[in-house]
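Reading through the structure tokens given below for one structure.
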Amino acid sequence: MKQLDGHIPPGPLKEKWTTYRSTMPLVAPNNKLRLDVIVVGTGLAGASAAASLAELGYNVKVFTFHDSPRRAHSIAAQGGINAAKNYKNDGDSVWRLFYDTIKGGDYRSREANVYRLAEVSANIIDQAVAQGVPFAREYGGYLDNRSFGGVQVKRTFYARGQTGQQLLLGAYQALCRQVALGKVELYHRHEMLDVVLVDGKARGIIARNLITGELERHSAHAVVLATGGYGNVFYLSTNAMNSNVTAAWRAVRRGAYMANPCFTQIHPTCIPQSGEYQSKLTLMSESLRNDGRVWVPKKVEDAEAIRKGLKTALDIPEEDRDYYLERMYPA
């Protein structure tokens, strides 16, 4: 039985990727001009990857089955984006973001990769700001943060309740800039049907033009699949119906390994289905989390008085309120 190899560099946790980045082989600028890269998907990951690779000098082809990259499902990530910038001076750090992410992933994530994510989180915010993402700001002009996801610090950068959409528009603008410069070829309404392997390495794709029905061959020196999650393998999901894991399945069919299939995105702020045949849950904005508190009366007589209309919630003093979720699940 073959084992999955995450290709995680050796060494102490805090130094693995930093050391690797300092010692890995580089591609000379003049050689980048000769290398082609295919990116499948134009959400936050795909659009950002395509724009960044093109800016580095590579020749990029990017494919989306939407009529525009702006239709990617990344717009649904509305609550915010975390980064260890410690703007609130409340004790946040790379280590705290790393630990909270590991804990939130039920201790199943690859620790070295999560630590690298925490390390580069601040740079990602800077990149988004440079792309024009209108993050919320305080009166003095600094980027604002809010508490999110039950953590003990304020590290979530947000753009009202539209964070995913604004991030996607920023990535889309960066992508369009490279398209205008001729470094990126953008293929709308194209679906990847298969991955082309040469000596066991992905060297291209077979795509179908969804308008004409034609099959097309595209070759490259590397292929990046940024095609989203597979939550719709379950009957009830908050994902769009076309988030259907077909691209990942086609890669698996060609020999790619599927790591951690248990990692499926769920949302605890879902409104349950209202009918027997409803195929999607309704998602409340995650921006609501941590901005409100849930309580019930501590005294039975107060609860009965509220039910009978003899009292309102405002009549219950603070000391007689039971914030039971905070009591049962302390941060």
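The values are calculated or read from the model by the stated rules, or taken from the named source; none is laboratory data. Note that this is a predicted model, so its numbers are computed, not measured. All Cβ positions, glycine included, derive from the backbone under ideal geometry; neighbour counts span all protein chains shown.
Some notes on this structure:
- Matching entry among Ala112, Ala122, Ala118 (being in a helix (DSSP H, G or I), of a type outside the set (Phe, Trp, Tyr) and either within 16 Å of Gln173 (Cβ to Cβ) or under 14 Å from the mean Cα position of the chain (by Cα) (or both)): Ala118
- Long-range neighbours under 8 Å by Cβ, at least six apart or interchain, first residue more than 20 Å from Phe157 (Cβ to Cβ) and surrounded by 11 or more Cβ atoms within 10 Å (Cβ to Cβ) within segment 288-304, second modelled with pLDDT of 85 or more and among the β-branched types (Val, Ile, Thr): Pro297/Ile306; Pro297/Ile316; Asp302/Ile316; Ala303/Val296
- Options Ile205, Ile211; residue that is of a type outside the set (S, T, N, Q), crowded, with 19+ Cβ neighbours inside 10 Å and in the same structural domain as Ala51 (by TED's automatic domain parsing): Ile205
- Any chance Glu191 is assigned by TED's automatic domain parsing to the domain that holds Leu97, touching a residue at least 60 places away in the same chain (Cβ under 8 Å) and surrounded by fewer than 21 Cβ atoms within 10 Å (Cβ to Cβ): yes
Residues checked against (1) surrounded by fewer than 19 Cβ atoms within 10 Å (Cβ to Cβ); (2) within 15 Å of Ile124 (Cβ to Cβ):
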{"site": "Arg71", "(1), (2)": "yes, no"}
{"site": "Ile75", "(1), (2)": "no, no"}
{"site": "Gly80", "(1), (2)": "no, yes"}
{"site": "Ala83", "(1), (2)": "no, yes"}
{"site": "Asn89", "(1), (2)": "yes, no"}
{"site": "Gly104", "(1), (2)": "yes, no"}
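- Helices (runs of 4 or more DSSP H) within segment 222-331 that include 2 or more residues modelled with pLDDT under 80: 324-328
- Considering segment 41-55, and only residues there that are assigned to a helix (DSSP H, G or I), of a type in the set (Gly, Ala, Ser) and over 8 Å from Ala171 (Cα atoms), the residue that is nearest to the chain's Cα centre (by Cα) turns out to be Ala45.
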